[in-house]
Amino acid sequence: MHSFEVEEVEKKGSDWMLNIDILPNRAHDCLSHMGVAREIAVFFDVRAQIPNFKSSLKSKTGNKKILDVRIRDKNLCPRYVAYVIEGVKITDSPEWIRERLAWMEQKAINNVVDITNYIMWELGQPLHAFDFSKIEGGKMNIRLSKQGEKLKTLDGATHDLGKDTIVIEDQGRIIDLEGVKGGANTQVDQSTATIIFQAAIFDPAYIRRTTQNLGIKTDASVRYMHGFDQNLPAQALERAMTLLKETNPQARIVQKIDMYPNVVKPKKISIDTGYVNNLLGTDISKKKMEQILQALGFEVS
């Protein structure tokens, strides 16, 4: 009861699974395994094992623009990160990934799609994978939908998008319902050889409105509605490269895109230790407060 209520504890092989009720006011930092791990590490005075964000997948990026991404309104998408990866072979995911996805009641699909789902649970950053060969003209334009536009999503349902839904269109049609669900017309399948991994930040108000108007609520949209750290997209894609290398060591990154016009700088917060203790009814020393904050990932000076 230090922070979240644990509703159930279940043994899974040599591991334990905790069913934890994450409250809405902590969704932005704890709706992920990494976020909860930081909390637990503080309780037991140990260091959380943070995933490696530096991948060793081959990178051969040049000046050639393979994928052209444009954002109509930077407020809709404050940060957009994408990697184009060639030489990909679609196969089954390693058993350990399939097993952990099963614990989350997530169906394993293939090594590329499974990575997007795994990282969403692990880091809290939703990802999406496109088949690059299905992107008409190598163009992706992020904009708001217009009345009368439709999209068939990955689950086979066709949605009337109405106005003011964030979408991606290629040279001739809409291919993605941003922050909610991908389009069936660019999905990854057994013939896919070049993929686009996407990680982005979208305006939470638009995502919330879309879920209400279309009656769609996904694990990704829940995270986008609450917002999260704008450093996460780049970290999540590097993590994706590490996991992709397990099944595709021959794959190579041929283009990296990071559109981040208004960089969010770290906020500095002054803490009055006396006020904190009075508010909480505690007697925590200044040194202990520093230790707690550092264990949660804050810099303290």
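All of the numbers you see were taken from the coordinates with simple rules; none came from a lab. This one's a predicted model, so the numbers in the text were calculated from it and none came from an experiment. Note that each Cβ is placed from the backbone with ideal geometry, even for glycine, and that neighbours are counted across all protein chains shown.
Overview of values
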{"quantity": "HN-Hα J in Hz across segment 204-218 - Karplus 6.51, -1.76, 1.60, θ = phi - 60°, x for Gly and Pro", "calculated": "x, 5, 5, 5, 4, 5, 5, 4, 6, 5, 9, x, 10, 9, 10"}
{"quantity": "Beta bridge orientation in the chain: antiparallel %, DSSP, nearest 5", "calculated": "85"}
{"quantity": "Segment THR282-LEU18, extension gain: residue separation times 0.36 nm, minus the distance between their alpha carbons", "calculated": "92.2 nm"}
{"quantity": "Part-to-part distance (alpha-carbon centres) for segment 189-242 and segment 91-108, which is given in Å", "calculated": "19"}
{"quantity": "Viscosity 1.306 mPa s, 10 °C: Kirkwood-radius Stokes-Einstein D of segment 59-145 over Cα pairs, µm²/s", "calculated": "104"}
{"quantity": "Set of segment 212-256 residues, backbone N closer than 20 Å to the point 7 Å along the Cα-Cβ line of GLN147", "calculated": "212-215"}
{"quantity": "For MET140, residues with placed amide H under 5 Å, excluding near neighbours", "calculated": "ASP68, VAL69, ARG70"}
{"quantity": "Proportion of all alpha-carbon pairs of segment 104-205 beyond 21 Å (%)", "calculated": "33"}
{"quantity": "Sorted peptide list for 46-55, 113-122, criterion being average Cβ within 10 angstrom, highest first", "calculated": "113-122, 46-55"}
{"quantity": "Segment 1-99: proportion of alpha-carbon pairs further apart than 21 angstrom, %", "calculated": "62"}
{"quantity": "Estimated D of segment 102-150 in µm² per second, where Rh is the Kirkwood radius over Cα pairs and Stokes-Einstein applies at 20 °C, 1.002 mPa s", "calculated": "159"}
{"quantity": "Karplus-derived HN-Hα couplings along segment 49-57 (A = 6.51, B = -1.76, C = 1.60, θ = phi - 60°), whole Hz, x at Gly and Pro", "calculated": "8, 7, x, 6, 9, 10, 7, 10, 5"}
{"quantity": "J(HN,Hα) series, segment 234-246, from Karplus relation 6.51 cos²θ - 1.76 cosθ + 1.60, nearest Hz, glycine and proline x", "calculated": "5, 4, 5, 6, 5, 5, 4, 5, 4, 6, 5, 4, 4"}
{"quantity": "SER59 long-range amide H proximity, modeled H, under 5 Å", "calculated": "ILE253"}
{"quantity": "0 to 90° range, to nearest 10: angle between helix 111-123 axis and the chain longest Cα axis", "calculated": "30"}
{"quantity": "Gain in span if fully extended, ASP189 to LYS65, counting 0.36 nm per residue against the direct Cα distance", "calculated": "42.2 nm"}
{"quantity": "Tilt relative to the chain, helix 33-44 - C-alpha long axis, 0 to 90 degrees, to 10", "calculated": "10"}
{"quantity": "Gained length - ILE50 relative to SER270, 0.36 nm times residue gap less alpha-carbon distance", "calculated": "76.5 nm"}
